[in-house]
Each structure stands twice: as structure tokens, then as C-alpha cells.
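A.B. asks: What follows is a structure written as C-alpha cells; I'll ask about it next.
Derivation of every value follows stated rules applied to the coordinates shown; laboratory data play no part. Everything numeric here is computed off the predicted structure, so don't read it as measured data. FYI the Cβ positions are ideal-geometry reconstructions off the backbone, even for glycines, and counts take in every protein chain you see.
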Amino acid sequence: MNIALVVLNWNGRELLEKFLPTLVKNSPEAKIYVVDNNSMDTSVAYVEKFFPEISIIQHQKNEGFANGYNLALSQINANVYALINSDVEVTPNWLKPIIEFYKTNSKASIVQPKILDYKFRSYFEYAGAAGGFLDKYGYAYCRGRVFENIEADKNQYKSAPIFWASGACLFIKAKDYEQLGGLDGDFFAHYEEIDLCWRAQNQNFSVDYIAESTVYHVGGGTLSKQSPFKTYLNFRNSLFTLVKNLPKKKLFPIIFTRMVLDGVAGVRFIFLGQFSHLFSILKAHLSFYKNLSHFFNKRKGNPIKKYYNTKSIVFTHFLSFKK
């Protein structure tokens, strides 16, 4: 099996210095690529000098996460792509369970390893934990992470099908990536992996979590959770994801309810004194109205009816106090 480990970089020399050595050491089964999004630092020079065995793909501008990968992967010949953030530390033999899963499951398509916190190593990491799910209104959560509540890893989450795999470390068969048209470049960054996984399941591709493979993720290496721009992208792109993938009969009622819930989130930001995040939600909704027809025209395939695992994670977490 020909696996390409593809690291997207933007002004991340310090992260490359910290994590590339471990990636190279612990991934003898794969070919490694660094994709540079027109960094202004010395990232490329560092890789060229210290890791001549790594192939470098350079973009002429910052293409974001989605297009950055789409443009790069079109130049890579492999059976399986692994999209890996530059702030991920891999462990010895981490690839073996994933390779074995692909070999023994001919229908395997998208796969995610266990993602633990680099700084608090016995805890799951926010971005992917033990695999992602959605509620009825498109709010994302993970096994091991619901909103800001993060669990310690006690091997409580076994290998299993999931709804979405984290873009921090996501494996996908190259032929499936091509058939799906890759990540949606209009997203720029955030939620694009959820959209990809939903579209994959609309076309009967599988998404799985492999508990026997472990990586550690720093998180917020490019854009922190506290960033208003990240809030804008998450709220905007989650609405776009719903428009693209919801069953047609549920589209209007779910979108309407979701926007009301976004308003509630905005009120919460007011009480927290986080006015920049409130404005990010308003900006996200304006962008949503402006681009609604564009994203509606992207609807393809046969949307699956059962896309959610929990009716309302907001109600379950904040009102029923389930963590």
C-alpha cells in the first residue's frame, strides 16, 4: 500500500522543527510531503536542508486548508492520502493498525486515529478526540469532547464507525478523494473535513475511528480556539455544510432552527463579554445569506436521512448537564 503523509505548512518552521523528526522516524511505511502555503519564514529552507528525503510542494499564495490540500494532492501519486497538521506528534508503529485496517476492510475509505492532547497527554484533544458526530442541527462534537468538556483517555472508546474524522489527521483513499472532488475550497478552513465526510457517506463511503493508532495534537497551531475569525469560519461553514448535505425535506426547518440557536449562542457571548465573537456570528450569517444559492447548487448524490447521533447536543449538554 502506497501511503502519502501530507503536511500542510504556513509559517510553521518551529512546528516543523518540533514534529517532523518524529514523523520521519515513526513512519517508515510512508512517503512524506510538506505542502507550503507561501510561507514568509524559512520553513522551506529548513526542510530542504535537514530532510532532503521529504518532497516539497510550494504554492504561490496562501490557499487555505482546503485548496492547499486539493492543489497538492492532485500532484501526488498514492493509494491513500493522510492529511496531517504540522502540530501533530505521531507515536511508534502508529501506521500499522491503519494499514492493517485498510488491508482487511476493502470498503474502508476515511480513517482517523486516536487524537490526544500534546500538552495534557492523558486527555483527548479538542479537534478530533475519538471521532466526530453531529447533532440534528449540525453542531459538531466528539467521543471524548463535548463543547469545552474534554475527557481523560481510559480506553473507553473502541474502534468504531464515526460520522466525521478530524482534519488534524485524516486518512482517505485517493480514488475516493478524487471521486468526491476533494475538500470544498470555498470553505478556506474549518468544517471542511465534516463536509467531506458527510458527502462521502452520501455516496456510501465509510468513516472509521481506529483506537489502536495514537497521535498527539497541539491544536490552535495556526488559529486558536479563541480566535473570532475561527468562530466566524465555524459558524459560517457549518451552515454551508447543512445546505449542501441535509435531506431536502429537512433543509428549511433545520436551517431556521439552527440560526435561532446561533442567536442564542450570540447572546451567550454577550453575557461572557466576548463581543468580537458575537460580531463573528453576525458576519457568518450575512455571508451565509449572500452565498446561499451558490452552496445550494453544490448539492449532489443522495443525502442520507440518518446523519445525526444526538437530537440536540446543546440541550443535552447545557440543560440536561450530560458531559
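A.B. asks: Tally Lys/Arg at +1 and Asp/Glu at -1 over every other residue whose Cβ is under 11 Å from the Cβ of residue 67; what's the total? List each step's numbers first, then the result.
C.D. replies: Details: positive: 61; negative: 63, 184, 186, 192.
Around residue 67, the surrounding residues sum to -3.
A.B. asks: Over the chain, what is the mean sequence separation of C-alpha contacts under 8 Å (at least six apart), divided by residue count, expressed as relative contact order in percent?
C.D. replies: 19
A.B. asks: Follow-up. Can you sort 104, 257, 310 so the residue with the fewest Cβ neighbours within 10 Å comes first? Could you put the intermediate results ahead of the total?
C.D. replies: On the way: 104 8, 257 14, 310 17.
Ranked by crowding around the Cβ, least crowded first: 104, 257, 310.
A.B. asks: Quick check on the chain: of the DSSP beta bridges with both residues there, what percent are antiparallel, nearest 5%?
C.D. replies: Bridges in the chain are about 45 percent antiparallel.
A.B. asks: Could you check the spin-label model distance between residue 300 and residue 74? Points 7 Å from the Cα along Cα→Cβ, value in nm.
C.D. replies: Those two pseudo-labels are separated by 1.4 nm.
A.B. asks: Of the listed pairs 18/230; 158/305; 103/173; 230/311, which have alpha-carbon separations greater than 18 Å here?
C.D. replies: On the way: 18/230 24 Å; 158/305 25 Å; 103/173 12 Å; 230/311 25 Å.
Result: 18/230; 158/305; 230/311 exceed 18 Å.
A.B. asks: Also: Once the Cβ-Cβ distance between residue 104 and residue 250 is put in as r, and R0 is 56 Å, what FRET efficiency do you end up with, to the nearest 0.05?
C.D. replies: For R0 = 56 Å, the calculated efficiency reads 0.95.
A.B. asks: If you don't mind, there's one more thing I want to ask. As I understand it, the value is the acute angle between the Cα axis of helix 95-104 and the longest principal axis of the Cα atoms of the chain; what does it come to in degrees, rounded to 10?
C.D. replies: Long axis of 95-104 versus the principal axis of the chain: about 70 degrees.
A.B. asks: Now, a different point. If you stretched the chain out fully between residue 286 and residue 155, how much longer would it get, using 0.36 nm times the residue separation minus the C-alpha to C-alpha distance?
C.D. replies: Full extension of this stretch gives 42.9 nm more.
A.B. asks: Next question. Calculate the dipole size of the range 3-217 relative to its Cα centre from +1 charges on Lys and Arg beta carbons and -1 charges on Asp and Glu beta carbons; express the result in debye to the nearest 20.
C.D. replies: About 560 debye.
A.B. asks: A follow-up question, please. For helix 192-202, report the angle its Cα long axis makes with the longest principal axis of the Cα atoms of the chain; keep it between 0 and 90° and round to the nearest 10°.
C.D. replies: Approximately 80 degrees, to the nearest ten.
A.B. asks: While we're on this one: With 5 Å bins from zero, work out the P(r) of the range 197-267 over every alpha carbon pair and list the percent per bin.
C.D. replies: 3, 11, 15, 17, 17, 19, 12, 5, 0
A.B. asks: Return the sequence-ordered ³J(HN,Hα) values of the range 57-72 in whole Hz as given by the Karplus equation 6.51 cos²θ - 1.76 cosθ + 1.60 applied to θ = phi - 60°, using x for Gly and Pro.
C.D. replies: Each residue of the range 57-72 in turn: 10, 10, 8, 7, 8, 6, 8, x, 6, 5, 5, x, 6, 4, 5, 6 Hz.
A.B. asks: Using mean Cβ contacts within 10 Å as the protection proxy, how do 60-69, 22-31, 44-53, 89-98 order, highest first?
C.D. replies: Answer by packing, highest mean first, reads 60-69, 89-98, 22-31, 44-53.
A.B. asks: Run the numbers for residue 178 and residue 212: contour at 0.36 nm per residue of separation, minus the present Cα-Cα distance, in nm.
C.D. replies: Stretched out fully, the residue 178 to residue 212 stretch lengthens by 9.5 nm.
A.B. asks: Going by the alpha-carbon gyration tensor, a ≥ b ≥ c the square roots of its eigenvalues, is the range 228-319 rounded (a/c under 1.5) or, if a/c is not under 1.5, prolate (a/b greater than b/c) versus oblate?
C.D. replies: Details: a/c = 2.55, a/b = 1.39, b/c = 1.83.
Oblate, because a/c is 1.5 or more while a/b does not exceed b/c.
A.B. asks: Starting from the Cα gyration tensor of the range 3-217, take the square roots of the eigenvalues, sort them a ≥ b ≥ c, and report rounded, prolate or oblate (rounded when a/c is under 1.5, otherwise prolate if a/b is larger than b/c, else oblate).
C.D. replies: Verdict is rounded for the range 3-217.
A.B. asks: With each run of n ≥ 4 DSSP H residues scored as -39500 (n - 2.57), what mean residue ellipticity at 222 nm is computed for the chain after dividing by its residue count and rounding to the nearest 500 deg cm²/dmol? Can you show the working numbers first?
C.D. replies: Numbers: 9 runs with 120 residues, N = 323.
Value at 222 nm, helices only: -12000 deg cm²/dmol.
A.B. asks: From the phi angles alone, apply the Karplus equation (6.51, -1.76, 1.60; θ = phi - 60°) to the range 18-31 and give each ³J(HN,Hα) in whole Hz, x where the residue is Gly or Pro.
C.D. replies: 7, 10, 4, x, 5, 4, 5, 4, 9, 10, x, 7, 10, 9
A.B. asks: Let me ask another. Quick one: of the DSSP bridges fully inside the range 7-157, what percent are antiparallel, nearest 5?
C.D. replies: 45
A.B. asks: Step through the residues of the range 172-180 one at a time and calculate ³J(HN,Hα) from phi using the Karplus curve (6.51 cos²θ - 1.76 cosθ + 1.60, θ = phi - 60°), rounding each to whole Hz and writing x for Gly and Pro.
C.D. replies: Working through the residues one at a time gives 8, 4, 4, 5, 6, 4, 5, 4, 7 Hz.
A.B. asks: If you take the beta carbon distance between residue 62 and residue 323 as r and set R0 to 30 Å, what does 1/(1 + (r/R0)^6) give as a FRET efficiency, to the nearest 0.05? Provide the component values of the computation, followed by the final result.
C.D. replies: Working: r = 37 Å, r/R0 = 1.25.
Working from the Cβ atoms, E equals 0.20.
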